[in-house]
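First comes the structure, then the notes that go with it.
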Amino acid sequence: MRATFDAGLTAYAAGNFALAVECFNQVVAERHDDADAHNNLGLSHLALGDYEDAADAFTLAVHFRPQFPAAFYNMALAALGLGDLGQAVSSLERALALQPDFTTAHSTLGYVLSHQVGEFEAGAAHVRKAMELDPADPDVRCNFSAILIQEGRAEEALAICRELLAAHPAMHEARLNQALANLKLGRFEAGWPDYEARKHARGNYLPRTLPLAEWQGEPLASGKLLIYAEQGIGDQIMFASCVPALLPQLATCVIECAPKLVPLFRRSFPGATIVSQQEGDANLARLAQAAGIDRQVAIGSLPAQFRKQRADFPAHAGYLRADAARVDYWKQRLDTLGQGLKIGIAWSGGAPATQGASRSMQLADWLPVLGQAGCHFVSLQHGDIAGELAAWSRAQRIPLHHWRDAVEDYDETAALVTALDLVISVQTALVHLAGALGRTAWVVLRAASEWRYLEREDEMPWYPSVRLFRQQRAGDWAPVVARIAQELAQRARH
């Protein structure tokens, strides 16, 4: 069996993972309790993208050898492939309990916690520990650069990324981090070319299989282009700000977007054909073929052509259009609340993968704002918040109106936002919606903010109507809320 085991190692090293699977399967068939064979079988399945088989193999490896930190680490990789963040975190923690100086486990756990689970401070601590253990490790340094960007230390992150890319030009994660650092500093022309690395790095960009050449800004002889969707709803709204500049150049334009954006995009971009992201690559390819389209572009790649300098961001009054009849309906409904400002609020946002926990607040945190005289507040909060609203109603005498029909239908949300005087929100897609509609919005930012909010400014170049209120210390919302309450009081008086 030793020869078969060694043959599996040789096949794995040569990149022949299917042969490696065969070899290690033969070994475990003869020696079912061979933890090393199970671990290497799992690694071979992992390389093939067979995450379930890999997870099964690693489970057997740690069953037969409970003190096996490498197998627990590999089990975490399989869990990440399956999208099981809880299992990934617990496996990494088990690996570190067995081997506290396991550098790669600290670095990976730091990345998962800070980028996917939403526990930024805990994740940053693990990445820093990895830096202490092995400051020269390229992957550790890359993860550290991502932490620095979020902490508002983009220049330091850039120095690390430049060093990494000089030694490892194909390191997509470092190139993406370099892009995000430059974009956060407002260096758009330098940032956008590197932002293409998102297509090869970890993140929420999903590769597409459309049989069309990529458009890179060259003149389109056919005048026909397909813009395909990527990332989240807020991203799609933000990048769609480039569409008004592009449409006049095209004879045919097909824009794919999230299903809930379809009515809004159809109304706002009448010169384009809007299709739902749910239709999938095959249907989209057939549509492109029928329309004679031969070029495609990801919507997140448009800014590289239209937002190279700060001056390229237009001082627009809104590029999305809500349904006028529904706007009138909501204005009339808001009028029944009486005199005073009509203000929409959202206090929680984002999924774990977008660090929702660190950018969300408790409704009680908003008391200094919600207690302002001369204002009527409307909840724009998505999700199951009946319990929160009931608790608020029992504890406070301040009305907080919540109309489910307005928040469960995104087109209806757009109409209500247009009818309001002001939106105050944590970081959610609602910020992008309000800004794209040209409505005044105040955004409550956590200390470790994303690149799109820049590093220190109180304005967003994407949306002239949006103001930023930044948290100075992680988790400390009180000063930000106090400042908003003060400014709201002044606005209510005028």
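Answer yes if at least one residue in segment 87-95 is surrounded by fewer than 22 Cβ atoms within 10 Å (Cβ to Cβ), charged (D, E, K, R) and farther than 27 Å from Leu133 by Cβ, and no otherwise. No, every residue in segment 87-95 fails to be surrounded by fewer than 22 Cβ atoms within 10 Å (Cβ to Cβ), charged (D, E, K, R) and farther than 27 Å from Leu133 by Cβ.
Which residue is nearest to Glu455 (Cα to Cα), if the candidates are limited to segment 177-230 and must be surrounded by fewer than 18 Cβ atoms within 10 Å (Cβ to Cβ) and polar (S, T, N, Q)? Residue satisfying both the conditions and the ranking: Asn204.
Of the candidates Ser91, Ser114, the single residue that is among the hydroxyl-bearing types (Ser, Thr, Tyr), modelled with pLDDT under 95 and not assigned by TED's automatic domain parsing to the domain that holds Arg446 is Ser114. For segment 231-259, a tally of residues being closer than 25 Å to Trp451 by Cα and either assigned to a helix (DSSP H, G or I) or touching a Pro at 6+ places or on another chain (Cβ under 8 Å) (or both) returns 14.
Does segment 20-30 contain any residue that is within 22 Å of Ala201 (Cβ to Cβ) and not polar (S, T, N, Q)? The answer is no, given that none of the residues of segment 20-30 is within 22 Å of Ala201 (Cβ to Cβ) and not polar (S, T, N, Q).
Ser268 fulfils the conditions (1) over 22 Å from the mean Cα position of the chain (by Cα); (2) over 25 Å from Met460 (Cβ atoms) except for a single criterion, (2).
Residues checked against (1) out of contact with any His (no Cβ under 8 Å at 6 or more places or on another chain); (2) over 17 Å from Lys184 (Cα atoms); (3) in a loop (DSSP other than H, G, I, E, B); (4) touching a residue at least 40 places away in the same chain (Cβ under 8 Å):
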{"position": "Val297", "(1), (2), (3), (4)": "yes, yes, no, yes"}
{"position": "Gly300", "(1), (2), (3), (4)": "yes, no, no, yes"}
{"position": "Tyr319", "(1), (2), (3), (4)": "yes, yes, yes, yes"}
{"position": "Arg326", "(1), (2), (3), (4)": "yes, yes, no, yes"}
{"position": "Leu334", "(1), (2), (3), (4)": "no, yes, no, yes"}
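Output yes when any residue across segment 424-431 is out of contact with any Ser or Thr (no Cβ under 9 Å at 6 or more places or on another chain) and surrounded by fewer than 22 Cβ atoms within 10 Å (Cβ to Cβ), and no when none is. Don't jump to the end; show me each part of the working.
Keep residues of segment 424-431 that are out of contact with any Ser or Thr (no Cβ under 9 Å at 6 or more places or on another chain), which gives 424-425, 429.
Going one step further and asking which of them are surrounded by fewer than 22 Cβ atoms within 10 Å (Cβ to Cβ), we end up with none.
Within segment 424-431 (the criterion being out of contact with any Ser or Thr (no Cβ under 9 Å at 6 or more places or on another chain) and surrounded by fewer than 22 Cβ atoms within 10 Å (Cβ to Cβ)), the answer is no, since none of the residues qualifies.
Restricting segment 292-343 to residues that are farther than 20 Å from Leu261 by Cα and of a type in the set (Phe, Trp, Tyr), the residue that is surrounded by the fewest Cβ atoms within 10 Å (Cβ to Cβ) is Tyr329. For segment 372-390, residues that are surrounded by fewer than 14 Cβ atoms within 10 Å (Cβ to Cβ) and without any contact (Cβ under 8 Å) to a residue 60 or more places away in the chain total 5. Do you know which residues across segment 128-185 are under 17 Å from the mean Cα position of the chain (by Cα) and among the β-branched types (Val, Ile, Thr)? Correct list: Ile147, Ile149. Residues in segment 394-405 that are touching a Leu at 6+ places or on another chain (Cβ under 8 Å) and over 15 Å from Lys342 (Cα atoms): 1 in all.
Specify which of the listed residues (Gly49, Gly42) is at pLDDT below 95, under 31 Å from the mean Cα position of the chain (by Cα) and either of a type outside the set (Ser, Thr, Tyr) or closer than 24 Å to Gly123 by Cα (or both).
Values: Gly42 fails: at pLDDT below 95.
On inspection, the qualifying residue turns out to be Gly49.
Listed here are the residues, each with its yes/no results for (1) touching a helix residue (DSSP H, G or I) at 6+ places or on another chain (Cβ under 9 Å); (2) part of a helix (DSSP H, G or I); (3) closer than 21 Å to Gln150 by Cβ.
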| position | (1), (2), (3) |
| --- | --- |
| Ala54 | yes, yes, no |
| Ala57 | yes, yes, no |
| Gln67 | yes, no, no |
| Leu80 | yes, yes, yes |
| Ala88 | yes, yes, yes |
| Ala97 | yes, yes, no |
| His106 | yes, yes, yes |
| Gly110 | yes, yes, yes |
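For segment 316-339, a tally of residues being farther than 18 Å from Arg452 by Cβ and in contact with a Pro (Cβ under 6 Å, 6 or more places away or on another chain) returns 0. Close contacts from segment 406-431, counting a first residue that is outside the structural domain of Leu367 (by TED's automatic domain parsing) and among the aromatic types (Phe, Trp, Tyr) and a second that is at pLDDT below 95 and part of a helix (DSSP H, G or I), with Cβ to Cβ under 8 Å and a gap of 6+ residues or different chains, come to none at all. A single entry from Gly81, Gly86, Gly49 fulfils the requirement of being closer than 16 Å to Thr108 by Cβ and touching a residue at least 12 places away in the same chain (Cβ under 8 Å): Gly81.
The values are calculated or read from the model by the stated rules, or taken from the named source; none is laboratory data. On a predicted model such as this, the values are computed, not experimentally measured, just so you know. As a convention, Cβ positions derive from the backbone with ideal geometry for all residues, glycine included, and neighbour counts pool all protein chains shown.
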